[in-house]
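Student: One structure is given below, represented as structure tokens, and several questions about it will come after.
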Amino acid sequence: MVKIFPFIFIILWSSAFVTTKPIIDNSDPFTALAFRFFIVALGFFLFSIYTKKQILTNQKNLIQSLFSGVLFHGVYLGGVFYSISIGMPTGIAALIVTLQPILTNALAGKFLGEKVSFKQWLGIALGFLGAVLVLGFDIGVSLPVIGVIASFIALLAITTSTLWQKKISNNLPLSVSNMYQAIGGCLFHLIIIFIFTEPYINFTPTFMIAMSHQIFLVSFGAFSILMFLIKNNSASKTVSIFFLIPPTTAIMAWLFLNEVLNNLDLIGFAVATLGVYIATRK
């Protein structure tokens, strides 16, 4: 069962990109994310109570988990949602964030003492090439400067969060750790709303379906799997699977949104798959 976790993660995480636009079309990004992680925190709290997990923890574990949530659920997702909401093309925002495995591998040796082999770097290079082939890059497109900055901030946040999560590796039960991380993300977005924006959500059926998808399948499902993979594998190998997310998203958009899937997309998917295989195999 554990061996198929990366494949389940890729499918669930990729599906989030399909449901992001319906959410930001009906709300401001930070209010949507605050709402999402309030529900997620409540869900993990109830699950922890039901499974009789120890919820109260020491100050160190609490601060570590909250900080991880601020980075991942707050800064990373906030940066991606915000950049798309102000006109950043989704593909280019995703391409910037797809640099994460490269940045993580570059820093894993220094901060985690992980040795990244030539084989892993080769796989990473192929994975990134495959992602570029799928996403494309229209040189002539006019990019919002703030959107570009927000996307790079999101890249730094998810990279830092991955390294941080691997480094702390506390012994909190997964549901309890995820609860505190969701609280951290929710508090971050509430602060952003209070200082910078006017909150609004239009609870249309489309919004509710998309939000339910992101809460249950992505936050409860995919994120829990990611935390498990980071804890039980090297950070450098875990993040390499992220290269499969753009091509998987492209296939999902073709299946469910009637978007065009061309030969270059299929070639990119094959190249990214080969890259991930090379980077993660023993």
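Student: Relative contact order for segment 2-280: what percent, with Cα pairs under 8 Å and sequence separation of 6 or more? Write out the running numbers ahead of the final one.
Tutor: Details: 422 pairs, mean separation 113.1, N = 279.
Contact order relative to length: 41 percent.
Student: Can you give me the orientation-averaged projected area of the convex hull built on the Cα atoms of segment 183-258, in nm²? Intermediate values should be presented prior to the final figure.
Tutor: Numbers: hull surface 29.4 nm².
That works out to 7.3 nm², a quarter of the Cα hull's surface.
Student: Once the cut-off is 23 Å, how many percent of the Cα-Cα pairs in segment 13-109 end up in the long-distance tail? Walk me through the numbers before you get to the answer.
Tutor: Numbers: 1849 of 4656 pairs.
Of all Cα-Cα distances in segment 13-109, 40 percent exceed 23 Å.
Student: Now a separate question. Sorted from largest down, give the three principal axis spans of the alpha carbons of the chain, whole angstrom values.
Tutor: Here the spans come out as 49, 43, 34 Å, largest first.
Student: Among 233, 94, 133, whose Cα lies farthest out toward the positive end of the dipole of segment 2-280, if unit charges sit on the beta carbon of Lys, Arg (+1) and Asp, Glu (-1)?
Tutor: Ranked along the dipole, the leading option is 233.
Student: Next question. Holding the Cα-Cα limit at 18 Å, pick out from 53/167; 115/167; 52/166; 3/52 the pairs that are longer than that.
Tutor: Working: 53/167 23 Å; 115/167 15 Å; 52/166 25 Å; 3/52 27 Å.
Those over the limit are 53/167; 52/166; 3/52.
Since every read-out is calculated from the coordinates, none of them should be taken as a lab result. If you're wondering where the values come from, they're calculated on a predicted model, not measured in any experiment. Counting neighbours? That spans all protein chains shown, and the Cβs are built from the backbone with ideal geometry, glycine included.
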